[in-house]
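Remarks on the structure that follows.
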Amino acid sequence: MDDAPVDSLAAARERDREDPLASFGERFHLPEELYMDGNSLGPISTDAERTLDRVVEEWRERGIEGWTDADPPWFGYAEHLGDRLAPLVGAHEDEVVVGNSTTVNIHTLIGTFLDSEAAASDSEAAASDSEAAASDSEAAPGAVLVNDLDFPTDHYAVRAQFRQRGLDPDEHLIAVESRDGRTIEEDDIEAALESHDVSIVFMPSVLYRSGQLLDVERITRAAHDHDALAGFDLAHSVGVVPHDLSGLGVDFAVWCHYKYLNAGPGAVAGLYVNREHFGTPPALAGWWGHDKATQFEMRHEFTPADTAGAWQIGTPPLLAAAPLDGALDVVEDAGICAIREKSLALTDVLVDVVDSLPEYAVGTPRGHERRGGHVAVEHPEGYRIVQALGDRGVVVDFRPPNVVRVCPSPLYTSFEDVWRVGEHLESVVADREYERFDPRGDGVT
């Protein structure tokens, strides 16, 4: 894509004329407003609507026979969607499945690997001749390494898993601290691995507030060098940043589909488990994770699937999964590399625009290798600025303490849209429009 500077409305429109993805916006139902919140909830596409309508029609026409006779059959729908998602995260098809919610997937995968690490410690102790090892009949797993800028649900789930094992989360959850309140340094992750007994490193691919893209390859290598597992929360990168989970040896990952993949509010989540861990007993076993060949024999003993499907728990919610099928048509037609290229081009323009406004600061790293799909626009009155922008028809969101998150999602956002957002950002401060709004806010948008 042409990287000519966008220093005027005319230049923005010229970039739009050259944009190979420009027509994809026609496949989305967009509000009249400037919609810049696709990193929280993507809009509906005609494709997602079509596959949702198809499943509703199958339900109407076939009833229970939809589990076997729908196209594709509902019984294998979660695996079907996993096969389609695998190229986006760089995984083998059997390593990916949809199921549960993101937080439930964190619970089951963190719990699974805490148990497997504890079991490994028990085995080592049993094999040792030392009296100390022999007396420790129930070895505890090491720490889970996270960071202090994580999305809160990640910490909630990990802490809960420690409590369920009778372990003090304050002792076993180690958070790497940010140096600047915006970003996390991989050097500090490596230092924490040197100074603590860590079983699992669990990091986001992109920090939800600042938009920093972490180095998944480096973190995975560092974890493995210290005999720890590497897991990632891809919620803010899947669908806008290509991944190579299997190639890098990542152990597990979780994500949602309602952001850049535009699969709808509350869409069923996704997970990845490296083939190396197939056969590890899931911490949260459920009927839908059973081996498909014998699932309807109704045995009381759980026989997990020999794929990532073992970490499914309950029956997949078809109406929360169906829109993803169509949404993936859009992503496949565009191509994840082209999506990433346009995302970087749009956020380059947005960063330049914000840099031209002295009242604001950019809290997102500048380098392409360090940036996800949204930009953190910082201002002391960020909360009220979000309200003022909304009053002008610009949909963004706020994250404490001072971040206006702006997401020019590449499938339906134009360069002109980004230019217009810059004009609105300038006006709400120049005219002090934000002062009309209540300064009190809890950050929930």
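For region 46-53, state whether one or more residues are acidic (Asp, Glu) and in the same structural domain as ARG163 (by TED's automatic domain parsing).
No, because not a single residue in region 46-53 is acidic (Asp, Glu) and in the same structural domain as ARG163 (by TED's automatic domain parsing).
Please go through region 400-417 and give me each residue that is assigned to a loop (DSSP other than H, G, I, E, B), closer than 22 Å to ASN262 by Cβ and out of contact with any helix residue (DSSP H, G or I) (no Cβ under 7 Å at 6 or more places or on another chain), ordered by number.
Within region 400-417, just SER409 meets the criteria.
Here's the yes/no breakdown for (1) over 22 Å from GLU433 (Cα atoms); (2) aliphatic (A, V, I, L, M):
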position	(1), (2)
THR347	yes, no
LEU350	no, yes
VAL362	no, yes
HIS368	yes, no
ARG371	yes, no
HIS374	yes, no
PRO380	no, no
ALA388	no, yes
ASP391	no, no
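Go through region 369-426 and report how many residues are among the aliphatic types (A, V, I, L, M) and on the phi > 0 side of the Ramachandran plot.
Summing the residues that are among the aliphatic types (A, V, I, L, M) and on the phi > 0 side of the Ramachandran plot in region 369-426 gives 0.
Go through GLU32, GLU58, GLU49, GLU79 for me and flag whichever is part of a loop (DSSP other than H, G, I, E, B) and of a type outside the set (Gly, Ala, Ser).
Criteria check complete, one pass: GLU32.
Could you list, in sequence order, the residues of region 23-59 that are under 14 Å from ALA267 (Cβ atoms) and free of Cβ contacts under 8 Å to residues at least 12 places away in the same chain?
Correct list: empty.
Conditions (1) aliphatic (A, V, I, L, M); (2) in a helix (DSSP H, G or I); (3) surrounded by 19 or more Cβ atoms within 10 Å (Cβ to Cβ), marked per residue:
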site	(1), (2), (3)
PHE398	no, no, yes
TRP419	no, yes, yes
GLU435	no, yes, no
PRO439	no, no, no
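Looking at region 242-258, which of the residues that are part of a loop (DSSP other than H, G, I, E, B) and in contact (Cβ under 8 Å) with a residue 40 or more places away in the chain is farthest from GLY90 (Cα to Cα)?
TYR258
Restricting the search to region 28-43, which residues are surrounded by fewer than 20 Cβ atoms within 10 Å (Cβ to Cβ) and either among the hydrophobic types (A, V, I, L, M, F, W, C) or out of contact with any strand residue (DSSP E or B) (no Cβ under 6 Å at 6 or more places or on another chain) (or both)?
Listed by number, the residues that qualify are HIS29, LEU30, PRO31, GLU32, LEU41.
Name the residues in region 279-304 that are assigned to a loop (DSSP other than H, G, I, E, B), touching a residue at least 12 places away in the same chain (Cβ under 8 Å) and farther than 13 Å from ASN100 by Cβ, would you?
GLY279, THR280, PRO281, ASP291, PHE302, THR303
In region 223-241, which residues are assigned to a loop (DSSP other than H, G, I, E, B) and not charged (D, E, K, R)?
Listed by number, the residues that qualify are HIS226, ALA228, LEU234, ALA235, HIS236, SER237, VAL238, GLY239, VAL240, VAL241.
Please go through (1) more than 25 Å from SER205 (Cβ to Cβ); (2) in contact with a strand residue (DSSP E or B) (Cβ under 8 Å, 6 or more places away or on another chain) for GLU378 and return the number of the only condition it doesn't satisfy.
Against the list (1) more than 25 Å from SER205 (Cβ to Cβ); (2) in contact with a strand residue (DSSP E or B) (Cβ under 8 Å, 6 or more places away or on another chain), GLU378 comes up short only on (1).
From ALA322, ALA327, ALA308, ALA376, grab the single residue that is surrounded by 22 or more Cβ atoms within 10 Å (Cβ to Cβ), of a type in the set (Gly, Ala, Ser) and farther than 24 Å from LEU41 by Cβ.
ALA308
Within region 259-274, identify whether any single residue is outside the structural domain of GLY231 (by TED's automatic domain parsing) and not in a helix (DSSP H, G or I), and answer yes or no.
No, every residue in region 259-274 fails to be outside the structural domain of GLY231 (by TED's automatic domain parsing) and not in a helix (DSSP H, G or I).
ARG299 - would you say it is of a type in the set (Lys, Arg) and either surrounded by 21 or more Cβ atoms within 10 Å (Cβ to Cβ) or at pLDDT below 95 (or both)?
So ARG299 fits the description; yes.
Can you name every residue in region 339-355 that is over 18 Å from the mean Cα position of the chain (by Cα) and either of a type in the set (Val, Ile, Thr) or in the same structural domain as LEU85 (by TED's automatic domain parsing) (or both)?
Answer for region 339-355, where residues must be over 18 Å from the mean Cα position of the chain (by Cα) and either of a type in the set (Val, Ile, Thr) or in the same structural domain as LEU85 (by TED's automatic domain parsing) (or both): THR347, VAL349, VAL351, VAL353, VAL354.
Could you grab me the full set of residues in region 58-82 that are charged (D, E, K, R), more than 27 Å from the chain's Cα centre (by Cα) and crowded, with 16+ Cβ neighbours inside 10 Å?
If the condition is that a residue be charged (D, E, K, R), more than 27 Å from the chain's Cα centre (by Cα) and crowded, with 16+ Cβ neighbours inside 10 Å, then GLU58 is the only one that fits.
The values are calculated or read from the model by the stated rules, or taken from the named source; none is laboratory data. Note that the coordinates shown come from a computational prediction; the quantities given were computed from them, not determined experimentally. Note that we place each Cβ from the backbone using ideal geometry, even for glycine, and neighbour counts take in every protein chain shown.
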